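The block underneath contains the structure these notes are about, expressed in C-alpha cells.
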Amino acid sequence: QVQLVESGGGLVQAGGSLRLSCATSGIIFSIYDMGWYRRAPGKQRELVAIISSGGTTQVADSVKGRSTISRDNAKGSVYLQMTSLKPEDTAVYYCNARARVFDYWGQGTQVTVSS
C-alpha cells in the first residue's frame with residue numbers, strides 16, 4: 001500500500017519559517033520525481049516545487065528565493081523548507097510522487113500564515 005504522509009504544517013506569523021516533511025512508503029522512492037503543491041482557499045492547486053529522481057529542482061516563481069526542496073532517498077522522504085512566509089502562502093500543501101504512469105498524493109498539511 002502506497003502512503004504519502006505530510007507533516008510540519010501549522011500556524012506561523014508572517015516572516016516566519018516552516019519545514020514540511022513527506023514520508024513515503026510502498027514505493028521505490030528513488031525512482032520517483034517528488035513535488036510539493038498547494039491549494040489556497042478558492043484557488044486551484046498550484047505547483048510549489050519539484051525535485052526529480054536525479055535531484056534536479058524547480059521552484060515556482062511565487063516562492064523562489066524563499067523555499068527549498070530536498071529529498072532523502074535513504075529515508076524515502078521529501079522536504080520543503082519555507083522561509084519569509086507571507087499570508088498568501090496560506091494553503092493546504094500536498095506531497096506528490098510521480099513516475100511513469102504512477103501518480104500518488106498525500107492528504108495534505110495546512111499552513112496558515114498570519115499577518
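When the stretch 40-51 is limited to residues that are out of contact with any Phe, Trp or Tyr (no Cβ under 7 Å at 6 or more places or on another chain) and open to solvent by 30 Å² or more (accessible area, probe 1.4 Å), the one that is farthest from Thr24 (Cα to Cα) turns out to be Gly42. Which residues, counting only those in the stretch 83-115, are part of a loop (DSSP other than H, G, I, E, B) and within 19 Å of Ser25 (Cα to Cα)? Hits for the stretch 83-115 are Arg100, Val101, Gly106, Gln107, Gly108. Can you find even one residue in the stretch 91-114 that is surrounded by fewer than 16 Cβ atoms within 10 Å (Cβ to Cβ), touching a residue at least 60 places away in the same chain (Cβ under 8 Å) and touching a Pro at 6+ places or on another chain (Cβ under 8 Å)? Scanning the stretch 91-114 turns up at least one residue that is surrounded by fewer than 16 Cβ atoms within 10 Å (Cβ to Cβ), touching a residue at least 60 places away in the same chain (Cβ under 8 Å) and touching a Pro at 6+ places or on another chain (Cβ under 8 Å). If I filter the stretch 56-63 for residues that are over 24 Å from Gln13 (Cα atoms), at pLDDT 95 or above, touching a Phe, Trp or Tyr at 6+ places or on another chain (Cβ under 8 Å) and open to solvent by 40 Å² or more (accessible area, probe 1.4 Å), do I get at least one hit? The answer is no, given that none of the residues of the stretch 56-63 is over 24 Å from Gln13 (Cα atoms), at pLDDT 95 or above, touching a Phe, Trp or Tyr at 6+ places or on another chain (Cβ under 8 Å) and open to solvent by 40 Å² or more (accessible area, probe 1.4 Å). The set of residues from the stretch 1-22 being β-branched (Val, Ile, Thr) and either part of a loop (DSSP other than H, G, I, E, B) or open to solvent by less than 40 Å² (accessible area, probe 1.4 Å) (or both) comprises Val2, Val12. For the stretch 83-97, the candidate set comprises residues that are touching a Phe, Trp or Tyr at 6+ places or on another chain (Cβ under 7 Å) and not polar (S, T, N, Q); within that set, the residue that is farthest from Ser7 (Cα to Cα) is Ala97. Annotation: Leu80 fulfils all but one of (1) open to solvent by 30 Å² or more (accessible area, probe 1.4 Å); (2) within 15 Å of Val5 (Cβ to Cβ); (3) in a strand (DSSP E or B); (4) not small (Gly, Ala, Ser); the unmet one is (1).
The values are calculated or read from the model by the stated rules, or taken from the named source; none is laboratory data. This is a predicted model, so every value here is computed, not measured. Cβ: placed from backbone, ideal geometry, glycine included. Neighbour counts: every protein chain shown. These area figures cover heavy atoms from the full protein model, side chains too; ligands, DNA and RNA do not enter into them. Shrake-Rupley method; radii C 1.70, N 1.55, O 1.52, S 1.80 Å.
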